[in-house]
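Reading through the structure tokens given below for one structure.
The values are calculated or read from the model by the stated rules, or taken from the named source; none is laboratory data. These numbers were taken from a predicted model, which means no experiment stands behind them. For neighbour counting, all protein chains shown are included, and Cβ atoms are generated from backbone atoms with ideal geometry for every residue, glycine included.
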Amino acid sequence: LLVNTSPHTAHQIAERIRQRISSQPMHVAGKNIDLTISQGLAVRVEGDDRQTLLKRADQSMYAAKQAGRNCIVQQ
């Protein structure tokens, strides 16, 4: 959760996280494993309850995975 953060800034933060993860492979059992992350962002709007906000975030995450992974989708 990013409290008091604009949608633009939230997307910038998510992008930095995405780049950082994808730039650092994991070393497991002598092998390099490339990691990626898909992120779904949702902005709380007036009247949203927790369930509604989490549902939109989940929908964004699913859309990011469907878009080919290693991306960010924001609703």
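Any residue in segment 57-75 that is at pLDDT 95 or above, within 15 Å of residue 2 (Cβ to Cβ), of a type in the set (A, V, I, L, M) and not in a helix (DSSP H, G or I)? Yes, segment 57-75 contains a residue that is at pLDDT 95 or above, within 15 Å of residue 2 (Cβ to Cβ), of a type in the set (A, V, I, L, M) and not in a helix (DSSP H, G or I).
Among residues of segment 46-75 that are within 18 Å of residue 11 (Cβ to Cβ), those with a beta-carbon under 9 Å from a residue that is assigned to a loop (DSSP other than H, G, I, E, B) and of a type in the set (Asp, Glu) at least six positions away or on a different chain give the pairs 56/48. If you check 16, 20 for being in a helix (DSSP H, G or I), over 17 Å from residue 74 (Cα atoms) and not hydrophobic (A, V, I, L, M, F, W, C), only one passes: 20.
Across segment 39-49, the qualifying residues are those that are among the charged types (D, E, K, R) and under 20 Å from residue 73 (Cβ atoms), and the one among them that is farthest from the chain's Cα centre (by Cα) is 48. Scanning segment 26-60 for residues that are loosely packed, with under 12 Cβ neighbours inside 10 Å and of a type outside the set (A, V, I, L, M, F, W, C) yields a total of 11.
In segment 23-38, the residue that is nearest to the chain's Cα centre (by Cα) out of those that are in a loop (DSSP other than H, G, I, E, B) and among the hydrophobic types (A, V, I, L, M, F, W, C) is 37.
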